[in-house]
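Worksheet for the structure shown next.
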Amino acid sequence: MGYENISFPKGSKFLVTGSAGFVGSNLVEAILKLGYEVRGLDDLSTGKTENVEVFLDNPKYEFVEGDIRDFDICMKATEGVDYVLHQAAWGSVPRSIEMPLLYEEINIKGTLNMMEASRKNGVKKFVYASSSSVYGDEPTLPKKEGREGNLLSPYALTKKVNEEYGRLYYELYGLNTYGLRYFNVFGKRQDPHGAYAAVIPKFIKQLLHNEQPTIYGDGKQSRDFTYIENVIEANLKACKADSKVAGQAFNIAYGSREFLIDIYNQLSEALGKDIQPIFGPPRKGDIRHSNADISKAKKLLGYSPDWSFEKGIKAAIKWYKENL
Ligand code: NAD
């Protein structure tokens, strides 16, 4: 359970791309706590400088500011690195529908650059963020690897292409790639601001500021909300995984599901607020229900998430109350 007792060979070096973002900065923090060297790479496009600065006092941390669309930067960033945890991407389904060209450039070309640079620099494991959006319109619950439907957004397509390259880079070049299909991650440092913010931090911020949140649809859609600590565990376990299971993608979630309206009510109660939400039209590209079968990651990566939604949401609320 957890990742506190995971160990890597002495002197191991990690690269975290997207290190100024939500998942990336939490990965950096966890790896530094375990005592290993970490290099962060980020172009600060959607990430935050404070997520970089907070670690700069640690001699085991190094930051490279740069864009993964630039192959030379990817080569420089992967030099001397054992494990790459590739998180850099543009998120948000609705934003990808507005600007598909940019998503192609960053999420597809940028990830391909990272894989190619990792291969050239002899990286041992290349673990990358995929997404539950690759399940598209397949309605069967729980979602299981190998049973995907038609994709619903350019964002989902970029992640699917990443997975195909992940498979090819393993089969053609022997790069040990592991795709992690994250399901709605939440937790400390997730950005609550802006039109494309994720729903949990956005609701918390709006409720704390006595604003009226909008729920798109009837609120009865459900998601397998996954606390950040489980995602850290999955990344570190993938770095330890057998090469025989590389080239594949794995669901990373807690394996339960929550209805949006229930989360809204739970947050309102926890924050002591009584604000009626606005119900807006459902958003294009959104799926109705999501719930992961995590047996593949359990079996092949040894993933064993110990942060339930209830435990995670308490920790997240506490953090936002102290930091917003
Ligand atoms: P985030 O936006 O907080 O972090 C992404 C980081 O990547 C940012 O710091 C940004 O500045 C950086 N970045 C963007 N374009 C870049 C570029 N061209 N070059 C270098 N850096 C660049 O997002 P997050 O929530 O931390 O997501 C991390 C990864 O997980 C992403 O790949 C995302 O698609 C995936 N994912 C996240 C979730 C979730 O619920 N948060 C769910 C599924 C998948």
(request) With the condition kept exactly as written, say whether any residue in the stretch 166-182 is open to solvent by 10 Å² or more (accessible area, probe 1.4 Å), within 16 Å of the ligand (Cβ to nearest atom) and touching a His at 6+ places or on another chain (Cβ under 9 Å). (result) no
Counting only residues in the stretch 27-41 that are away from the ligand (no atom under 14 Å from the Cβ) and over 20 Å from THR78 (Cβ atoms), the one surrounded by the most Cβ atoms within 10 Å (Cβ to Cβ) is identified as LEU34
Exactly one of LEU112, LEU102, LEU44, LEU85 is open to solvent by 50 Å² or more (accessible area, probe 1.4 Å) and either in a loop (DSSP other than H, G, I, E, B) or in contact with a helix residue (DSSP H, G or I) (Cβ under 9 Å, 6 or more places away or on another chain) (or both), and that one is LEU102
Is it true that some residue in the stretch 183-191 is free of Cβ contacts under 8 Å to residues at least 24 places away in the same chain and either within 14 Å of the ligand (Cβ to nearest atom) or out of contact with any Leu (no Cβ under 8 Å at 6 or more places or on another chain) (or both)?
-> no
Taking the stretch 257-272 and keeping only residues that are buried (at least 18 other Cβ atoms within 10 Å of the Cβ) and in a loop (DSSP other than H, G, I, E, B), one is left with ARG257
Over the stretch 47-82, the set of residues out of contact with any Ser or Thr (no Cβ under 6 Å at 6 or more places or on another chain), more than 13 Å from the ligand (Cβ to nearest atom) and either under 25 Å from ALA246 (Cα atoms) or part of a strand (DSSP E or B) (or both) is TYR61, GLU62, MET75, GLU79, GLY80, VAL81
If you go through GLY91, GLY24, the only one that is in a helix (DSSP H, G or I), within 7 Å of the ligand (Cβ to nearest atom) and not aliphatic (A, V, I, L, M) is GLY24
Scanning the stretch 210-263 residue by residue, those under 19 Å from the mean Cα position of the chain (by Cα) and polar (S, T, N, Q) turn out to be SER222, THR226, ASN230, ASN235, GLN248, ASN251, SER256
Checked the stretch 188-234 for anything surrounded by fewer than 24 Cβ atoms within 10 Å (Cβ to Cβ) and small (Gly, Ala, Ser); matches are GLY194, ALA195, ALA197, ALA198, GLY217, GLY219, SER222
In the stretch 273-324, anything closer than 21 Å to PHE250 by Cα, among the polar types (S, T, N, Q) and in a loop (DSSP other than H, G, I, E, B) is listed as SER290, ASN291, SER304, SER308
Within the stretch 1-21, of all residues that are among the aromatic types (Phe, Trp, Tyr) and either open to solvent by less than 10 Å² (accessible area, probe 1.4 Å) or touching an Asp or Glu at 6+ places or on another chain (Cβ under 7 Å) (or both), the one nearest to the ligand (Cβ to nearest atom) is PHE14
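The values are calculated or read from the model by the stated rules, or taken from the named source; none is laboratory data. Please read these numbers as outputs of a predicted model, since none were measured by experiment. Don't worry about glycine lacking a Cβ; one is built from the backbone with ideal geometry, like all the others, and counts go over all protein chains shown. Accessible surface areas use protein heavy atoms only, side chains included; no ligands, DNA or RNA. Shrake-Rupley method; radii C 1.70, N 1.55, O 1.52, S 1.80 Å.
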